[in-house]
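This report refers to the structure that appears directly beneath it.
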Amino acid sequence: MQIYLPIAELSVNALLILMLGGGVGFLSGLFGVGGGFLMTPLLIFIGVPPAVAVGTQANQLVGASVSGVLAHWRRNNVDVKLGGIMLIGGAVGTGLGVWLFGLLQKLGHIDLVISLSYVLFLGTVSSLMLTESVRAIVKGRGAPVRSKLHHHTWLHGLPLKMRFPRSRLYISALLPAFIGFVGGVLVAIMGIGGGFLLVPAMIYILGMPTALVAGTSLFQIIFTTGLAAFLQAVGNQTVDIVLALLLLVGGVIGAQFGTRAGAKLRGEQARALLALMVLAVAVKLAVDLVIRPEDIYSITLPVIR
Amino acid sequence: MTRRSRCLLALPVAILAGFCLWQASRPAWAQSLVADLSSHLIAITTGFTGTDVVLFGAVDGDGDVAVVVQGPEGEVTVRRKDRVAGIWMNVEDVAFARVPAYYNVAVTAPLEGVVPPTVLQRHEIGLDYVRLLPEKVKLTPEKLAEFRAALIRNKQRAGLYTTEVGEVSFLGQRLFRTRIFFPANVATGTYTASVFLIRDGDVVSAQTTPLLVSKIGFSANVFEFAQRNSVFYAILGIMLAVTAGWLAGIVFRKS
């Protein structure tokens with residue numbers, strides 16, 4: 001069934017979009033990541049202009065995250081206080097990111113910056129996660145032992161210390177705010193929730209309990225993606241409601257199944273799988289950057305004056 | 001083509017044939033070329049997947065017919081990638097002013113060698129003769145040709161420029177017709193369909209007919225809403241997303 005997307009200005013198969021949304025939604029529920037890092041490249045691949053893909057993706061991530069958070073909320077797996085602090089940084093980051101996106105687009109380097117940051121962030125994060133989780137799987141088949149609850153590093157010397165009772169943490173508020181800020185920039189520039197970065201950062205930098213990480217990151221992603229969607233729709237008119245709805249219908253259903261499946265997975269197994277998936281995307285993008293493109297020339301969309 | 005559109009087509013052709021007979025009886029008034037489109041409006045609706053428009057017409061004697069359909073003009077930047085430290089990145093760009101978003105050409109017989117390039121150039125008949133002017137003037141001819149070819153190649157890949165010259169077929173001595181395809185990614189705006197009658201290597205008669213590509217119905221409303229009330233549109237989009245996510249959460253709670 002073909003359907004015309006009014007803002008993206010192209011005709012797509014509605015069923016294909018629903019299935020894309022469902023598949024990515026499942027992964028999003030499973031790992032507590034938004035799945036944007038898979039969806040945005042896929043949308044661009046089927047011909048949606050990058051700007052519209054990023055804007056629409058931000059909008060659909062709002063819905064996917066709401067759906068995901070509800071499931072975690074019922075299991076009491078959301079640290080609202082910590083999420084709120086992350087959000088403050090997230091809002092600043094999103095604003096900066098939307099501005100940066102416009103600038104880079106004008107300079108013609110947006111695609112390169114997106115690819116490079118994907119390779120950089122995804123590559124390092126996933127490699128670190130993969131080694132750690134594989135080690136955990138190999139080592140502790142029995143009862144998971146949180147051997148080091150308290151690494152004392154310079155991170156703990158930062159000012160503005162705050163207590164987060166839900167996560168049983170006493171850390172500087174600057175840490176979650178900074179993580180939120182980076183997430184916010186990624187939302188705006190890449191049309192991703194930033195979950196793939198937030199989740200490991202919260203585990204390894206903040207030292208949060210794994211069970212709380214997915215719910216809390218989704219909670220904060222609702223607001224950063226909401227803000228990004230708003231700014232993109234108002235500033236650039238790049239949010240396609242029809243496309244967003246199609247992705248949402250598939251996405252929210254997929255996310256529910258994913259969350260359920262995720263409950264059966266052990267923390268380190270989930271992390272290993274997520275790391276593998278993210279690493280695959282990073283490698284694919286790195287290869288694309290290095291090999292000679294099919295046509296070294298590209299054209300922009302016409303600007304009517 | 002569907003049965004309905006074939007019927008729709010038969011009617012104007014019949015009228016035109018009658019018109020030609022009538023015209024033939026009054027040679028003093030004769031116009032050497034008349035042409036029209038089967039439709040002057042392409043409506044982009046929610047189910048739009050591209051469409052055919054038939055251009056038909058009549059000539060008063062011998063000669064070749066060329067049909068050029070061009071879309072709304074806009075500024076397009078062509079970028080060239082090169083390897084910098086092992087990574088392919090954009091290193092050079094040329095902006096072209098007034099690039100037609102769509103270009104299609106069809107002829108009754110090949111014009112190369114028959115019609116002088118200056119004539120083809122003047123009327124922009126054929127991809128080699130489309131007016132694509134760079135905004136920067138300081139460009140070597142080789143560089144310009146390179147970027148120009150790249151622009152056309154990219155447009156062809158998007159299905160917006162013809163890859164080969166189409167065919168205008170004669171029905172008998174005087175009537176001619178050709179079919180023009182507009183893909184699903186066609187830009188909205190005003191298009192022109194120009195018909196040229198070519199005799200002895202020169203254009204002896206020409207006619208230009210406008211064609212409008214416009215969003216109609218639901219997709220038009222959404223587009224308009226997004227442009228005019230972008231704040232409400234943004235809020236609506238987020239509300240829809242939240243509702244959908246929340247509903248899914250409720251529906252799946254029990255099961």
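No value in this document is a laboratory result; all are computed from the given coordinates. All values reported here derive from a predicted model rather than from experimental measurement. So basically every Cβ, Gly included, is an ideal-geometry build from the backbone, and we count neighbours across all protein chains shown.
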> Check A:HIS109: other-chain or 5+ apart residues with amide H under 5 Å from its amide H, H built from backbone geometry?
Replying inline: none
> Based on Cβ point charges of +1 for Lys and Arg and -1 for Asp and Glu, what charge dipole magnitude is obtained for the protein assembly as shown about its Cα centre, in debye rounded to the nearest 20?
Replying inline: 2860
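Got a sec? How would A:LEU279, A:LEU175 order by Cβ neighbour count within 10 Å, fewest to most? Spell out each step's value before the answer.
Working: A:LEU279 17, A:LEU175 25.
Placing the least packed residue first, the sequence is A:LEU279, A:LEU175.
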> Given R₀ = 56 Å, FRET efficiency for A:VAL92-B:ASP202 by Cβ-Cβ distance, to 0.05?
Replying inline: 0.25
>> If packing is taken as the average number of other Cβ atoms within 10 Å across a peptide's residues, how do A:35-46, A:177-188, B:141-152 rank, most packed first?
In response: A:177-188, A:35-46, B:141-152
> When chain B is treated as a GNM, springs tying every alpha-carbon pair under 10 Å, which of B:ILE198, B:ILE216, B:ILE180 comes out with the largest mean-square fluctuation?
Replying inline: B:ILE216
>> Show me, for segment B:109-121, the HN-Hα J-couplings you get by feeding each phi into the Karplus relation (A = 6.51, B = -1.76, C = 1.60, θ = phi - 60°), rounded to Hz, glycine and proline as x.
In response: 8, x, 9, 4, x, 8, 10, x, x, 4, 5, 4, 4
>> As I understand it, the value is the acute angle between the Cα axis of helix A:50-74 and the longest principal axis of the Cα atoms of chain A; what does it come to in degrees, rounded to 10?
In response: 30
> Angle between the Cα long axis of helix A:241-264 and the longest principal axis of chain A, 0 to 90 degrees, nearest 10?
Replying inline: 30
> According to a simple spin-label model (label point 7 Å from Cα along Cα-to-Cβ), what is the distance in nm between B:ASP82 and B:ALA158?
Replying inline: 2.5
> Out of residues 5 or more away from B:PHE48 or on other chains, whose amide H comes under 5 Å of its own, with H placed 1.01 Å from N in the peptide plane?
Replying inline: A:TYR4
> When only Cα pairs under 8 Å and 6 or more residues apart are kept, what is the percent relative contact order across segment A:1-139?
Replying inline: 12
>> Can you work out the Karplus-derived ³J(HN,Hα) for every residue in segment A:292-298? Use 6.51 cos²θ - 1.76 cosθ + 1.60 with θ = phi - 60°, whole Hz, and x for glycine or proline.
In response: 5, x, 4, 10, 7, 9, 9
> So which of A:LYS284/B:LYS215; A:LYS106/B:LYS81; A:LYS106/B:LYS155; A:LYS139/A:LYS284; B:LYS143/B:LYS215; A:LYS106/B:LYS136 end up more than 26 Å apart by C-alpha?
Replying inline: A:LYS284/B:LYS215; A:LYS139/A:LYS284; B:LYS143/B:LYS215
>> Averaging over every viewing direction, what projected area does the convex hull of the Cα atoms of segment B:195-255 cover, in nm²?
In response: 8.8
> For chain B, what are the DSSP H helices with axial Cα length of 27 Å or more and mean Kyte-Doolittle hydropathy of at least -1.0?
Replying inline: B:3-24, B:230-254
> Taking chain A as a Gaussian network, Cα atoms linked when under 10 Å apart, which of A:GLN60, A:GLN256, A:GLN220 shows the biggest mean-square fluctuation?
Replying inline: A:GLN256
> Could you give me the ³J(HN,Hα) list for segment A:128-135, computed from phi with Karplus coefficients 6.51, -1.76, 1.60 and θ = phi - 60°, whole Hz, x at Gly and Pro?
Replying inline: 4, 5, 5, 4, 4, 6, 5, 4
> Sorting B:GLU73, B:GLU167 on the 10 Å Cβ count, fewest up front, what's the list?
Replying inline: B:GLU167, B:GLU73
> Picking from B:VAL130, B:LEU151, B:VAL84, whose Cα lies most toward the positive end of the charge dipole for chain B (charges on Cβ: Lys, Arg +1; Asp, Glu -1)?
Replying inline: B:VAL84
>> Contact order normalised by length for chain A, with contacts defined as Cα pairs under 8 Å and 6 or more residues apart; what percent is it?
In response: 40
> What dipole magnitude, in Debye to the nearest 20, does chain A give about its Cα centre under +1 on Lys/Arg Cβ and -1 on Asp/Glu Cβ?
Replying inline: 1420
> Under the definition of Cα pairs under 8 Å and six or more residues apart, what whole-number percent is the relative contact order of segment B:3-214?
Replying inline: 30
> What's the angle, to the nearest 10 degrees (0 to 90), between helix A:174-190's Cα axis and the longest principal axis of chain A?
Replying inline: 20
> Hey, how many Å between the Cα centroid of segment B:217-244 and the Cα centroid of segment A:1-43?
Replying inline: 19
>> Suppose R0 equals 25 Å. What FRET efficiency, 1/(1 + (r/R0)^6) with r the Cβ-Cβ distance, do B:ALA149 and A:MET1 give to the nearest 0.05?
In response: 0.10
